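Okay, structure first, notes after.
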Amino acid sequence: MHQAASLQFERVVNEFARWLAVPEDERSPAPAWWWGPAIAVRDAHQPMPGAWSRTLGLGDGSTFADGACLLLALFEDQTSLPWPDDFPRKAEREADESRELHPLPSDDSAFQP
């Protein structure tokens, strides 16, 4: 397995621990940025470090593929994704407060005269 995939997966495991520490009714949906690292290791059958396995709630000797499966399963019934500022806890906001996305042009061709 590529070292970068392992490092990214380690980041996800640490974020998962922070996310899991939030009470379920206050917790944000699982973030989409976990997909990439989970997919990168879904076929890696090397054992994960024991601490990672325990953080994910898996037994010692669990593989990276086992961890990826657990993370990807979080998205099966999920119907929305959190905004970055809603992670790991849902941000408190007024019911009528909306979020607007403004275009960020990559170059001047995005706005024609």
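If you stretched the chain out fully between MET1 and ASN14, how much longer would it get, using 0.36 nm times the residue separation minus the C-alpha to C-alpha distance? Walk me through the intermediate numbers first.
Values: separation 13, 0.36 × 13 = 4.68 nm, distance 1.94 nm.
Net length gain for the segment: 2.7 nm.
Once amide H atoms are placed 1.01 Å from N in the peptide plane, what residues at a sequence separation of 5 or more from THR63, or on another chain, have their amide H within under 5 Å of its amide H?
Residues meeting the amide H criterion: MET48.
Sequence-distant or interchain residues sharing an amide H contact under 5 Å with ARG89, placed H: which?
Amide H to amide H, under 5 Å and 5 or more residues apart or across chains, ARG89 pairs with SER28.
Out of the chymotrypsin sites (Phe, Trp or Tyr not before Pro) in the stretch 20-75, which ones are loop residues according to DSSP with at most 16 other C-beta atoms within 10 Å?
Loop-located and lightly packed - PHE75.
Can you pull the percent of the stretch 1-40's accessible area that's carbon plus sulfur, 1.4 Å probe, other chains left in place?
Details: 1270 of 2190 Å².
Carbon and sulfur: 58 percent of the exposed surface of the stretch 1-40.
Return the tail of the calculated pair distribution for the stretch 26-94, meaning the percent of Cα-Cα pairs more than 18 Å apart.
Cα-Cα pairs of the stretch 26-94 separated by over 18 Å account for 45 percent.
What net charge is computed for the residues neighbouring ARG89, neighbours being all others with C-beta under 12 Å from the C-beta of ARG89, Lys and Arg scored +1, Asp and Glu -1? Write down the numbers at each step before the final one.
Values: positive: ARG18, ARG27, LYS90; negative: GLU24, ASP25, GLU26, ASP85, ASP86, GLU92.
That sum, taken over residues with Cβ under 12 Å, equals -3.
Using per-residue counts of other Cβ atoms within 10 Å, averaged over each peptide, order 66-74, 24-32 from highest down. Mind dumping the intermediate values first?
On the way: 66-74: 18.2, 24-32: 14.2.
Result, highest mean first: 66-74, 24-32.
The values are calculated or read from the model by the stated rules, or taken from the named source; none is laboratory data. Keep in mind that this is a model prediction, so the values were computed, not measured. Neighbour counts run over all protein chains shown; Cβ positions are idealised from the backbone, glycine included. Surface areas here come from the heavy atoms of the whole protein model, side chains and all, with no ligands, DNA or RNA. Shrake-Rupley method; radii C 1.70, N 1.55, O 1.52, S 1.80 Å.
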